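Every read-out reported here was derived from the displayed coordinates using simple, explicitly stated rules and does not represent laboratory data. What you see is a predicted model, and the numbers here were worked out from it, not measured in a lab. Cβ placement follows ideal geometry from the backbone for every residue including glycine, while neighbour counts extend to all protein chains displayed.
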C-alpha cells in the first residue's frame, strides 16, 4: 500500500501542475471575452478548477503525513478514513478535469494551446485510470472506506441510463482513449448556441 | 444556532428539489444532442449536479442528527467539525449551481423552461446569500471551523484579480441580482464556437 500512496502523491502533484497550466490558458479568454455568456463560461470552468486546486493544496500535505507514517494508516484512525474519502473525491475531480479538457479541446483546437491541452488530456486520462485501480485496492483493504458520496461520476454508475453517459469515459481501455491533435474524432460541425436551442 | 441548522436543512431540501428539476431539463438535451460537443457540455453539467445530489443525500441526514442533538454540536466533536466543513463546501455548491443556472438561461431562454430556470435561479441566489450569513456566524462560534478548502469561490476571494470575477456574484446586494425572464440584461449577441476562437 505504501507504493499506492507514493503514486497518489505523484498523480496529485502532476494534476496540480496541469491545473495551473489550464488556468493560465483560460485567463485571457475570461479577460477578453466578447460577451457575458462567453465570460461566464470560461470563468465558471476556471473557478471549478481553482476550487480543485484549493482542495489539492490541503490534501497533498496530509497525504505526505500518511506516506511517512505507515502506522497511522488504520481503519480506526478517523483522520485516515477521511483522507481516503478525500482521495476518492479527487478521483471524481480527475474525471471532471478530463471533461473540462475535452470541452476545451473543442474551442481551442485550432489554437497554439491544442498541443498542451492534448498532452494534459492524455496525462489526466492515464492518471484517472490509475487512481481507479488504487482506490479499488484501498477499498478492498479498508472495507469500502475510500468511497465518499460524490466520488462516482455518472459515467461509472451502474444505475444510470446508458444514454446519459459518454461512451469514451465508460471504458477502461486506456489505449482507446488517447487523443492526438487534429485527429479525425473531432466533429466537423461547430457548436453554436443556435443549435443548442432546437 | 439551532435555528441556523433548521434553515440549513430547508436550504438543502430546496436545492435538492431544484437539482432534480434541473437534471430533468438537461436530460433531453443530452439524449437529443446534435453533436459530441453539445452532448458533452450538457452531460458535464448534469454529472456535476448529480455529484452535488450525492453529497447532499449524504449530508442531509447527518445534519438532521445534529439538529436533534444540540449537545453533540461542540468544537471537540470531530464528526461535527467535519459536518461544518461539508456545509461550507455546499456553499460553494450553491454558488456553482447559480452559475449553472445562469449558463442554462443563455441557451434555454427562449424555451418553455425559462420560467422554471429563472425561479430556480432566484431561489438559489436567495439561499446562497443566506448560507453565507449562516456560515459566517458558525465560523464566529466555532473558531473558523466552517471553512473547508474549496469553500470559497473565485468571485469571493480577496487575492484574485478583479477581472477574473463576475460582477454580479461579487455583490451581496440581493435585490440587484434578481432576474426576470426576457429582461434586458441578456446579451443580444449569440455565443458561437466561432466567436470563442478569436
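Brief remarks follow.
- Label geometry 7 Å along the beta-carbon vector: residue B:132 inter-copy distances in nm: 3.9
- Dimensionless Rg ratio for segment A:96-148, taking C-alpha atoms and the 2.2 N^0.38 Å reference: 1.52
- Neighbouring Cβ atoms from other chains, within 10 Å of the Cβ of residues in B:146-159, number 4 on average.
- Packing here is the average count of other Cβ atoms within 10 Å per residue, and on that basis the peptides A:47-59, A:92-104, highest first, run A:92-104, A:47-59.
- Percentage relative contact order, segment A:1-133, counting C-alpha pairs under 8 Å, at least six apart: 26 percent
- Separation between Cα centres of segment B:55-120 and segment A:1-61, rounded to whole Å: 22 Å
- Average beta-carbon neighbours from other chains, 10 Å sphere, peptide A:93-104: 2
- Distances in nm from residue A:7 to the matching label points in the other copies, shortest first (labels 7 Å along Cα to Cβ): 4.7
- Per-residue shielding of B:79-85, expressed as the average number of other chain Cβ atoms within 10 Å of the residue Cβ, stands at 1.
- Per-peptide packing, taken as the mean over residues of other Cβ atoms within 10 Å, places A:68-79, A:12-23, B:79-90 in the sequence B:79-90, A:12-23, A:68-79 from highest down.
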